[in-house]
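Colleague: For reference, the structure I am asking about is given below.
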Amino acid sequence: MGGVTGLTPPAGLPEGPPSGLPDVASLAKLAGEFFSALPTTALPGGATNGLPLGLSHLGGPSQLATPPQPSEPVLALGARAPALAPVAQTQTGLPEKAVDSAGVSSRSPAQGVPEAYAASLPSIDLPQAPVQAPATPPSSPYYFLGETSAYPVADEVDVPREDRVTARSFGLPGEDELCALLGGVPPTAAAPTAEPAKKDQWFYFTDLTRNENGRAPASQAGARPPFDVNAVRRDFPILQERVNGKQLVWFDNAATTHKPQAVIDRLAYFYAHENSNIHRAAHELAARATDAYEGARNKVKRFIGASSTEEIIFVRGATEAINLVAKTWGAQNIGEGDEIIVSNLEHHANIVPWQQLAAAKGAKLRVIPVDDTGQILLDEYRKLLNDKTRIVAVTQVSNALGTVTPIKDIVALAHSVGAKALVDGAQSVSHMRVNVQQLDADFFVFSGHKIFGPTGIGVVYGKRDILENMPPWQGGGNMIADVTFERTIYQPPPNRFEAGTGNIADAVGLGAALDYVDRIGIENIGSYEHDLLAYATQGLLTIPGIRLIGTAAEKASVASFVLKGFTTQEVGEALNREGIAVRTGHHCAQPILRRFGVEQTVRPSLAFYNTCEEVDRMVRVVYQLATSRR
């Protein structure tokens, strides 16, 4: 085959340039002189971007220095798949800071962090690397800032809140009618008052004081931060599911809550990049996994207001948490003739372990009664307390009725007779601000899956001085300092109570769930759910033959009911045909249901991703069922 030199111009075309024009070499020389004479854009240190002034908008130095990178999606509440935000590298190989992809440099991206997670994290400037990199770099870099690592992070750094939920209304239909129902006025843009909350509050989740009619003053009813339920819903992939051809309505939140994409992404990232056993290896993945696990412990500590991470024990859930306390502290401190107090509202998980302990020790179980609305009778509780009382174990929110108990008074009264107090927070942490130090609780327990985290993970909080004097619950690895065949020395808390390989990934997922709740704001969640519960309650009361079970003045998002002429199973099946999920049965709380003369109820339970339209769908189905046999 011939080369290009063998080609000849087509017939009719001249072989060289037209007469009077410079040749190609002359044109190249003139172009070079022209562009070298143009000014360029100065960069730091005297470098230039190589572009003439006026053309710099076409791209910066990083765009010319490296091949173009694929554009990163800006994080939206509706994101469905993990997105990695590029992370700039330092000489040590550590990312300088976690950043949202909307503002990152286009330098070659390192393996970063899921963007949905990175958006919640504080920016932390790491120490400047010396000119020569250290011989041994830190073994546990910041894969997720805010979690434990080789570099210390301020213990009280708050996760930014409300930076991803910026809409300007609740997104509720019929908002004027709802406000009229609540005795207020339509929401306004007025800023919340800076006055401290008064003691006499209108329900647990607002700073609105009651007027003489028990309603919120009109001047305060609209003073709420912005919240957009539709934006929040886009964070929960499962809410797009269809059941029996209808879009899913999830009103079974007291049984379990769904998981935002940020939690799903965090779990996937852990298994893809950090998976290892913790604490007992020198290799890199062990360091990453340990950082993530202990970082989650720190997030729990901040979320519930504990004084130290050493007071936070990871367990499988609230049930295991109560059993741990009963079988360690209880076995050590309760004897024959001693008394244990629970309330009539309790879940079976806060009854059975204490029954077992009382039977084994010859102790007595005593029960605080409730009134006809389902609220604890404090005067009757006072009568039960005496110098034989060793522990009082009471729920903060009833899973069957939604009653919010006066838990701070209950704890204080227990302490007045020298007893300890355990608070079951499984149904409270997702609805209200919890601070264990303000409650002065000796123990506080909750489950991760009730607060938008994974199943199989839960928490025991215990005061440090109490935990230090408790015997271990299980024996094995991780909880020991030294073992011989003659004796074993145990680790201090919390490791003493975490024998074996724990649920590492789901602890990390719980930390991501708490970050998510923090970004939205637990007060925003509580206020929205309060309005939604009021809306649902009024709707249910329009249905002939319905009876609400549990009507206490202070309630969280549960609206249990029975319908005359129908079993709870029939009601649940009718709702399921329309894609609406509710819990039917005794809800593992048979004693409190029998107090109201029923064995089972239908229990819609609400979360901050539910809407008034969904409530309307439920009310319509139950109404049609109630009138179908007339």
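Since every read-out is calculated from the coordinates, none of them should be taken as a lab result. Remember, predicted model here, so these are calculated numbers, not experimental data. Cβ atoms come from the backbone with ideal geometry, glycine included; neighbour counts cover every protein chain shown.
Colleague: If R₀ is 22 angstrom, what is the calculated FRET efficiency for the pair residue 272 and residue 501, using the beta carbon separation as r and rounding to 0.05?
Modeller: The computed FRET efficiency comes out at 0.70.
Colleague: Using 1/(1 + (r/R0)^6) with R0 = 41 angstrom and r between the beta carbons of residue 281 and residue 613, what's the FRET efficiency to the nearest 0.05?
Modeller: 0.20
Colleague: Go ahead and run the numbers for FRET between residue 553 and residue 352, Cβ-Cβ distance against an R0 of 30 Å, rounding to 0.05.
Modeller: Details: r = 30 Å, r/R0 = 0.99.
After rounding to 0.05, the efficiency reads 0.50.
Colleague: Oh, and also: Run the numbers for residue 388 and residue 468: contour at 0.36 nm per residue of separation, minus the present Cα-Cα distance, in nm.
Modeller: Details: separation 80, 0.36 × 80 = 28.80 nm, distance 2.36 nm.
Length gained between residue 388 and residue 468: 26.4 nm.
Colleague: By its C-alpha gyration tensor, with a ≥ b ≥ c as the square roots of the eigenvalues, how is the stretch 226-281 shaped: rounded for a/c under 1.5, else prolate for a/b larger than b/c, else oblate?
Modeller: In terms of gyration-tensor shape, prolate.
Colleague: Something else: Distance in nm between label sites at residue 373 and residue 620, each 7 Å beyond Cα in the beta-carbon direction?
Modeller: The two pseudo-label positions are separated by 3.3 nm.
Colleague: Now for a different question. What residues from the stretch 525-556 fall in the zone where the backbone N is under 16 Å from a label point 7 Å along the Cα-to-C-beta line of residue 627?
Modeller: Answer for this model: 539-546.
Colleague: Could you list, in their original order, any pairs among 408/463; 383/463; 327/383; 361/420; 364/555; 361/463 whose Cα atoms are separated by more than 19 Å?
Modeller: Among 408/463; 383/463; 327/383; 361/420; 364/555; 361/463, the Cα-Cα distance tops 19 Å for 383/463; 327/383; 364/555; 361/463.
Colleague: Right, next: What length, rounded to one decimal in nm, is gained on full extension from residue 590 through to residue 538, with 0.36 nm per residue of separation minus their alpha-carbon distance?
Modeller: 16.1 nm
Colleague: What shape does the stretch 338-408 have by the C-alpha gyration tensor, where a ≥ b ≥ c are the square roots of the eigenvalues, rounded means a/c under 1.5, and otherwise prolate means a/b greater than b/c and oblate the rest?
Modeller: In terms of gyration-tensor shape, oblate.
Colleague: Could you work out how much longer the chain between residue 360 and residue 485 gets when fully extended? Use 0.36 nm per residue separation minus the Cα distance between them, nm to one decimal.
Modeller: Roughly 42.0 nm would be gained on extension.
Colleague: So if I take the centroid of the Cα atoms in the stretch 272-311 and the same for the stretch 470-541, what is the distance between those two points in Å?
Modeller: Cα centroid to Cα centroid, the span is 12 Å.
Colleague: Could you sort the peptides 308-320, 381-393, 447-459 by per-residue average Cβ neighbour count (10 Å cutoff), highest mean leading?
Modeller: For the peptides 308-320, 381-393, 447-459, the packing ranking is 447-459, 308-320, 381-393.
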